[in-house]
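Report on the structure given below.
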Ligand SMILES: Cc1ncc(COP(=O)(O)O)c(C=O)c1O
């Protein structure tokens with residue numbers, strides 16, 4: 001599934017596009033390595049994610065650092081790597097203050113210049129959940145054009161220690177349509193063209209991620225559908241002002257479908273309808289509690305009997321009589337009422353039965369917490385050649 005998704009993105013954004021996997025979706029080194037084997041670099045937001053990308057075997061020149069929460073330590077590490085002759089591909093700057101701080105750090109390294117992008121807030125209305133609409137004008141992410149100009153100046157201008165290479169953009173996650181993305185890319189191309197006039201090195205546009213993964217039956221634009229918007233957007237930019245280096249940084253689309261969260265039934269009750277409580281919930285998969293995201297749930301066993309003989313959960317109908325399925329409210333085990341996974345059609349269940357929660361390869365384990373004193377979930381990888389391997393052990 002991961003290979004299929006990676007191929008889809010590669011065909012939509014073929015070379016010379018730079019494809020940077022957004023590691024925040026799933027930061028297990030073996031997963032990063034699997035994505036990288038399909039022609040992807042890594043996009044990281046912290047020294048921790050950077051270390052995971054290195055552990056996956058990626059060299060710094062295939063890694064980009066962005067994020068609103070970069071610490072002075074992260075910035076120092078980026079400057080140090082450049083001084084040691086193994087610079088990151090670029091660092092994306094979030095504010096004039098951050099540009100000034102990084103310039104000061106780089107100055108201390110003597111003789112070092114760092115390639116940087118500047119993150120634009122595109123001020124659009126992304127077709128997604130409010131919590132994922134980071135390209136909205138009021139969001140905390142990215143800069144206005146005025147702030148961006150101040151940031152370039154704080155980085156030392158065209159010949160500064162921060163070498164301005166272009167614009168970084170991310171419209172939002174789970175984009176349900178291409179319209180806001182198209183508006184944002186148009187805006188970013190215009191801003192980049194303006195700067196290209198005075199800064200020769202300003203040659204890059206990174207359009208971010210956001211390709212959606214919805215439940216079966218919910219229409220979703222594919223990466224190819226997004227890519228189809230690009231020629232007409234680039235065409236109107238004068239040829240000598242167009243970016244010559246384009247990048248994309250998807251996360252969810254590459255890994256969400258490849259991951260399943262397996263949970264066991266703890267309690268079955270009648271609450272004016274059937275209710276089951278699982279042993280996995282918001283500590284392993286916070287998205288439903290955080291912003292009402294919906295993940296399909298498939299039964300693996302019913303009353304102790306297996307429903308699927310295959311090695312992975314199958315979307316094919318299970319062998320229990322469909323008549324036996326009934327709407328079931330599925331709850332998590334955490335001491336919070338919002339720890340709920342919604343209503344799903346499930347067969348008869350009893351304590352100990354297993355279910356598989358779908359689309360859990362992205363923003364599940366990477367957002368896990370130890371709330372209620374629970375250990376973080378282990379991650380097991382299934383590969384057609386290597387069989388089952390432990391990607392990350394259970395962490396207390
Ligand atoms: C800057 C940036 N790029 C890329 C991504 C990846 O987004 P997605 O997983 O929706 O493709 C994110 C996700 O939050 C992001 O913030």
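Within region 189-206, which residues are touching a strand residue (DSSP E or B) at 6+ places or on another chain (Cβ under 8 Å) and either more than 13 Å from the ligand (Cβ to nearest atom) or outside the structural domain of residue 127 (by TED's automatic domain parsing) (or both)?
Listed by number, the residues that qualify are 189, 191, 192, 195, 199, 201, 202, 203, 204, 205.
Could you look through region 153-170, keep only residues that are under 25 Å from the mean Cα position of the chain (by Cα) and not in a strand (DSSP E or B), and pick out the one that is surrounded by the most Cβ atoms within 10 Å (Cβ to Cβ)?
Checking each candidate, the answer is 169.
Just a yes or no: is a residue in region 229-236 at pLDDT 95 or above and part of a loop (DSSP other than H, G, I, E, B)?
Yes, there is a match, as at least one residue in region 229-236 is at pLDDT 95 or above and part of a loop (DSSP other than H, G, I, E, B).
Could you list, in sequence order, all residues of region 121-140 that are within 11 Å of the ligand (Cβ to nearest atom), under 24 Å from residue 193 (Cα atoms) and touching a residue at least 40 places away in the same chain (Cβ under 8 Å)?
Correct list: 126, 135.
Just checking, does region 207-221 include any residue being away from the ligand (no atom under 12 Å from the Cβ), part of a helix (DSSP H, G or I) and either within 21 Å of the chain's Cα centre (by Cα) or buried (at least 17 other Cβ atoms within 10 Å of the Cβ) (or both)?
no
Within region 72-84, does at least one residue satisfy the condition of being under 21 Å from residue 167 (Cα atoms), surrounded by fewer than 22 Cβ atoms within 10 Å (Cβ to Cβ) and touching a strand residue (DSSP E or B) at 6+ places or on another chain (Cβ under 6 Å)?
Checked region 72-84: at least one residue is under 21 Å from residue 167 (Cα atoms), surrounded by fewer than 22 Cβ atoms within 10 Å (Cβ to Cβ) and touching a strand residue (DSSP E or B) at 6+ places or on another chain (Cβ under 6 Å).
Name the strands (runs of 3 or more DSSP E) wholly within region 25-127 that hold at least 3 residues that are at pLDDT 95 or above and farther than 19 Å from residue 148 by Cβ?
Strands (runs of 3 or more DSSP E) meeting the threshold: 41-44.
Output the residues belonging to region 239-267 that are more than 16 Å from the ligand (Cβ to nearest atom), closer than 25 Å to residue 358 by Cα and buried (at least 18 other Cβ atoms within 10 Å of the Cβ).
Listed by number, the residues that qualify are 260, 261, 263, 265.
If you check residue 375 against the conditions, is it over 19 Å from the mean Cα position of the chain (by Cα), touching a residue at least 12 places away in the same chain (Cβ under 8 Å) and surrounded by 20 or more Cβ atoms within 10 Å (Cβ to Cβ)?
So residue 375 does not fit the description; no.
Within region 268-283, can one find any residue that is within 14 Å of the ligand (Cβ to nearest atom), within 30 Å of residue 37 (Cβ to Cβ), in a loop (DSSP other than H, G, I, E, B) and within 27 Å of the chain's Cα centre (by Cα)?
The answer is no, given that none of the residues of region 268-283 is within 14 Å of the ligand (Cβ to nearest atom), within 30 Å of residue 37 (Cβ to Cβ), in a loop (DSSP other than H, G, I, E, B) and within 27 Å of the chain's Cα centre (by Cα).
The values are calculated or read from the model by the stated rules, or taken from the named source; none is laboratory data. None of the values given here were measured: they were computed from a predicted structure. Positions of Cβ are generated from backbone atoms using ideal geometry, with glycine treated the same way; all protein chains shown enter the neighbour counts.
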